[in-house]
Every structure is written in structure tokens, then in C-alpha cells.
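Values quoted throughout were computed directly from the atomic coordinates according to the rules given, and no laboratory measurement underlies them. Note that the structure is predicted; figures quoted are calculated from it, not measured. Every residue, glycine as well, gets a Cβ built from its backbone with ideal geometry; the counts of neighbours run over all protein chains shown.
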Number of protein chains: 2
Amino acid sequence: MTYCVGLKLDRGLVCMSDTRTNAGIDNISVFRKMFIWETEGERSITLMTAGNLATTQAVISLLNERSKPAEDRGAPSILEAPSMFQAAKLVGETLREVIRDQSGIEGPQADSPFSATLILAGQVRGGEPRLFLIYPEGNFVEAADDTPFFQIGETKYGKPILVRAYDPAMSFEEAVKLLMLSFDSTIKANLSVGLPLDLHIYEADTFRTGILRRIERDDAFFEAISSGWGEALREAFSHLPDYSLT
Amino acid sequence: MTYCVGLKLDRGLVCMSDTRTNAGIDNISVFRKMFIWETEGERSITLMTAGNLATTQAVISLLNERSKPAEDRGAPSILEAPSMFQAAKLVGETLREVIRDQSGIEGPQADSPFSATLILAGQVRGGEPRLFLIYPEGNFVEAADDTPFFQIGETKYGKPILVRAYDPAMSFEEAVKLLMLSFDSTIKANLSVGLPLDLHIYEADTFRTGILRRIERDDAFFEAISSGWGEALREAFSHLPDYSLT
């Protein structure tokens, strides 16, 4: 499994992904699930992947190949898509193409063992920062004020804290803290999600890759947040009134 | 879907179940998922159900029929099982029998559309309070010190708070508060789990039904816990250190 979250804030976009992949619980590897395309001063696009690793790697490879200058490549490039909407369309079509090629099946593809789901976040000059969730069928939805974040992979354990503490006006520092708590809840409950984590903070209207970090297994801040949150939760719990049995 | 939790505490057993059933999201009903058998002074046994409603109702009906005195009923009764272990065995066999009859399939039954999963909690004189999770195949596992609670149904959203705040020494009042928080996290995230909730608190060595409550949609304590928890979480969140970007 996998866990990735994209947050849309007033001041930009924050993406976090884990790196664990597994084929059975005795075959665990570390693979990057966050990929960035950039034309400095013009666009920065982040893609996060969940699902069949062969599928997502093929999608990334195709997007990479097609973004390299070559006279005969023909296919449109993610570095040339005129808007984030067109970039999402391109990525969605690439995903559908890969799943169709691997499974040999036309039509709905969410149930295919070759399935995958993607989060696309970024900004192209001339537009706002935008956040998309892309389905295996190649179609996609965009984050709006009512649904300002997307999760893919093992999404349930880490959702309650996002729902409760997300605020579009929050700082990047707070947003990273929130994401770490959401990942910590997931990692504590599910072996298929694991450190290290990849983080990309894109600041609106900079049109370049922002802060990129890899949060390693022994990251002091992550450990402090994880243990601090356990204490804070128990403290908050003890301050709520107890149920009355009488 | 459904959400039920059974907690094993030092002082007894606490069970909570929701009441929402749905066949599609436009066909929602309220059905009790908690059932109690009692012989006062001798045993109190609580059963909670998740899965196919026809299956779980048939299981309950069979257990009820067979617990009524009748010369020719033949099958063993949950009111006569000599121990909680034997009661779990009986319930497991009844569940397997129902799924096999409905699906016509022998062998593993977890994938059957007629599948169901049960939590059995209680105490029979001569033994300790015990808590079991019963699978569609009729086999079961028992809660031990390392895994002191069981969840069935939509279990993921409400697990992180249970993992963080459960303590076997907690009071019944605290335990109900904890369960309400776990249910609140689930209800906020998933439409297929809903109020009202059923609650049974069994105090160890009383051998009789304990406190039984139905927590209705407008329950003042539940609402206070739900909103108080949102504030407490945001407060706890704000007191944790922010991530440093520098």
C-alpha cells in the first residue's frame, strides 16, 4: 500500500508521500512516489502515485520520455501543457494508456490489478495553484474550497486529524506538522505505510520547485511529533468530561 | 457498513455498536446490531454483528430459537454453553452454518456476499470475562493483554484514538468517552455508520446485564464530546512545535 496527501493552502501546495511498497508482507522495498517536473519561472508540477508499482513507474517513464526534446516523439509533454487542467488531462490519458496496455482491457479500470491513482499538484504561469485527483480511468477531480485536500492509498486512519485540524490559512510549518500527524496515525496502524517520507512545499506564484525534504526513519522532529501527539491526545482526552452512568 | 467495538477492561467489558444498515446509499435503515443473552446470576453474553443483515439476523434467530426450552430442538443453546469458549464455538458454528446454507458453498466464506463478522463478549460463572472476534469461517480469536479490544465493520477511522488512549485500568465512564470519540471519528468520515448507538457495560463478576443505553441522534453528551474533541484536538495541535523550514 501507500499513503500520499496533497494539501491546498492559501499560500501554496504541500505534498507528502511515503516510500514503502510491498508485494506481500515479506517483500518490502523503498521506492519514491513523488515526482516533480519544473521549468523554472514558468511551472512546477508534482505527481504522487499509489497503486501497482509497474503501472506508476511506466506512467512516470512515459511522462519523462515525452518531456525530453526529440523531433519524433509526437506525444504532448507535461512541460508544455498550457495549463494545470491540460497537464492533468495528459497525465490521466497516460495512466489510462498504461493500464490498458498492461491489462489488455478497455473500459473501467479501477478493479484491474494494474490499477493506480494519482495526485497532481502544481501551478503553470497564467493560472492559480491547482490540485487534482486522477483516477485509473484517466478522468480526474479538482480540489475546491469544500474539499481542499486529497489522499490516496491507505487513506482512512489519517483522515480524522486532517478533517479536524486543516485550515486553508495555516502556515507551511503547521501544514507539515499536520501531515506528519496524519502519516503517524497511518504508520502506527498499517504496516504497508512506512518512513522515509518525501515532502514538497510549493509556494504560490514562485513557479519553481520549493522546499524538498526527505524525512528519514530517525527524523528527530517526526519522533518528537509522534510521541508529543500521543501525550497531547491523552491529555486532551482526560480533560473532556467523562460519561455519566447515573 | 457498520461499526462495533468491544473493549476488555480490568473491571469488565464495554460494547458499543451503531445501528445503520444500508443497501446502497439510498436505502438506509436502523437495525439493532447488539444482542444480549442472560441467565441472571449465572451468565451475561453480548453479541455484536457486522456484515450481511440477512445472515446476521438468521444467526440471531437461530441462537434465540435454540435457547428456548423445547424437547426436540436438539441443537445446543447459548444459555447452556458451559463456558465463554464453548459459547464462541457455538456462535461460530451457527454463523458458518447460515453462510453455507445461503451461499451453497463449502470452505472459506470471508469473500461470500453473505459474509458476516461478530464480536462476542461476556462471562459465564466459573470463568473470567472474555472477548472474542468470530470470523465467517466460524473460527475465532480471543482478546489478550496485547490486543485488548476488537473492532468490526468500518474499523480504520476510529482505530488511532483507541490505540492511543485505551488503558485497561480506565473507568467505565472514561471507556464510554473513548468509544464515543472513536465512533465520532468514524461517523464524521463515513456515511455508512450512524447514530443512534447501543451501549452495554458489563461489570465483571456480576453475571447479569449491566448498564444498557441507546445514545440517540440528539444526545447532549455525544454532541458535547464531539465538539469538545474538535476543539481539544486543535488546541493540542497548536501546542505541538511547528516544523522548521530552515
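Rounded, prolate or oblate: which fits the protein assembly as shown when a ≥ b ≥ c are the square roots of the eigenvalues of the alpha-carbon gyration tensor, with rounded for a/c under 1.5 and prolate only if a/b beats b/c?
Values: a/c = 2.65, a/b = 1.74, b/c = 1.53.
It comes out prolate by the Cα gyration axes.
Could you tell me whether region A:31-141 comes out rounded, prolate or oblate from its Cα gyration tensor? Rule is a ≥ b ≥ c as square roots of the eigenvalues, rounded for a/c under 1.5, then prolate if a/b exceeds b/c, otherwise oblate. It would help to have the intermediate numbers written out before the result.
Values: a/c = 1.82, a/b = 1.47, b/c = 1.24.
In terms of gyration-tensor shape, prolate.
May I have the convex hull volume per residue, in Å³, for the Cα set of region A:101-246? If you can, show how the numbers build up before the last one.
Details: hull volume 28.7 nm³, N = 146.
Once divided by residue count, the hull of region A:101-246 is 197 Å³.
Excluding same-chain residues fewer than 8 positions from B:Lys68, which lysines have a Cα within less than 24 Å of its Cα?
B:Lys33, B:Lys89
Can you tell me the mean projection area, over all orientations, of the convex hull of region B:176-231's alpha carbons? Units nm², please. Walk me through the numbers on the way to the answer.
On the way: hull surface 17.3 nm².
If you wrap the Cα atoms of region B:176-231 in a convex hull and average its projections, you get 4.3 nm².
Sorting A:His200, B:His239 on the 10 Å Cβ count, fewest up front, what's the list?
Details: A:His200 23, B:His239 11.
So the residues, fewest neighbours to most, are B:His239, A:His200.
Once you charge only the Cβ atoms, +1 for Lys and Arg and -1 for Asp and Glu, what is the size of the charge dipole of region B:62-171 about its Cα centre, to the nearest 20 debye?
Numbers: 11 positive and 16 negative charges, 54 e Å.
In total the dipole reaches around 260 debye.
Considering every residue in A:112-122, what mean count of other chain Cβ atoms within 10 Å of its Cβ is obtained? Present the calculation step by step, with values, prior to reporting the outcome.
On the way: counts 0, 0, 0, 0, 0, 0, 0, 0, 0, 0, 0.
The per-residue average across the peptide is 0.
Based solely on C-alpha atoms, express the radius of gyration and the Dmax of region A:6-91 in angstrom.
Over region A:6-91's Cα set, Rg and Dmax evaluate to 14.9, 45 Å.
As an exercise, take the mean of 1/r over every pair of distinct alpha carbons in chain A, invert it, and state the Kirkwood radius in angstroms. The partial results should precede the final answer.
Working: mean 1/r = 0.0531 Å⁻¹.
Every distinct Cα pair counted, the radius reaches 18.8 Å.
Scaled to the compact-protein estimate 2.2 N^0.38 Å, what is the alpha-carbon radius of gyration of region B:136-177, rounded to two decimal places?
Details: Rg = 12.1 Å, N = 42, 2.2 N^0.38 = 9.1 Å.
For region B:136-177, the normalised Cα radius of gyration comes out at 1.33.
Helix A:172-189 versus the longest principal axis of chain A: what angle, 0 to 90°, nearest 10, using Cα atoms?
Approximately 80 degrees, to the nearest ten.
Take every residue in peptide A:183-195, count the Cβ atoms of other chains within 10 Å of its Cβ, and give the average of those counts.
If you average over the peptide's residues, the count of other-chain Cβ atoms is 2.
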